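The values are calculated or read from the model by the stated rules, or taken from the named source; none is laboratory data. Keep in mind it's a predicted model, so treat the numbers as computed, not measured. So basically every Cβ, Gly included, is an ideal-geometry build from the backbone, and we count neighbours across all protein chains shown. Side chains are part of the model used for accessible areas, which takes the heavy atoms of the whole protein and leaves out ligands, DNA and RNA. Shrake-Rupley method; radii C 1.70, N 1.55, O 1.52, S 1.80 Å.
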Amino acid sequence: MFPPITHVSGTIASDVEIRFTEDGLAVCRFRLTEVPRKWDPTTQKWWDGTPIPYVCTAWGGIARNATESLVNGTAVLVRGRITEIKDNAIRLSVDDLGLSLREHIAYTDAGLPRPRAAAPVTPPPAPQPTEQTASEPATRRPGNPPGWWDERRSSGWPEPSASTAADASSLRVGS
């Protein structure tokens, strides 16, 4: 029979201790306290239930990352297997561990800006006024026709070349 798996949301209640096996495998241990919150419909308020203590053990990469990332008071989410209940605490072997975002913002390695982003920003050079060409009206604004439009219009719009039946069929819209 496999040990039961549970999910716990709680607060780190000790420093994270790390040790290494003779083979160099990292093992960390930390205490976690879960305080269940319950709604009281008569008072219309939440109240804290009895704290539930856990002793969590993590191995390998999770152990190394937990040691570097967690401090006393950090809110976390833990997925693990209950190994025993001893000394009024539930012992968990941690399978996965994450930060709770309920009250804090977390940044990941991928989410942090690169050092180049911290460099001072130099504003782009101010655009220099350009001379107006004769074909472009002085009041050129978005929505006004481009300069070539006025050139073709003033030259009387050159006649299109003789078109074939194949060209005409490609210009039809609908059937």
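Of note:
- Stretch gain in nm, segment Ile18-Ala110, where the contour uses 0.36 nm per residue and the Cα spacing is subtracted: 30.6 nm
- Label positions at Glu84 and Asp48, each projected 7 Å from the Cα along the C-beta direction, are separated by 3.0 nm.
- FRET efficiency, 1/(1 + (r/R0)^6) with R0 45 Å, evaluated for Gln128 and Ser100 via beta carbons: 0.25
- Using a probe of 1.4 angstrom and keeping all protein chains present, the accessible surface of the stretch 1-120 works out to 74 square angstrom per residue.
- Residue by residue, the stretch 95-110 carries 3J(HN,Hα) couplings of 9, 8, 8, x, 7, 7, 9, 4, 10, 9, 9, 10, 10, 9, 4, 6 Hz when phi is fed to the Karplus relation 6.51 cos²θ - 1.76 cosθ + 1.60 (θ = phi - 60°); x denotes Gly or Pro.
- Cα-based radius of gyration of the stretch 1-56 once divided by 2.2 N^0.38 Å, which approximates compact folds: 1.65
- A full extension of the chain between Leu77 and Lys38 corresponds to an added length of 12.2 nm, given 0.36 nm per residue minus the alpha carbon distance.
- Chain lengthening between Trp148 and Ser9 when straightened (0.36 nm per residue, less Cα-Cα): 43.2 nm
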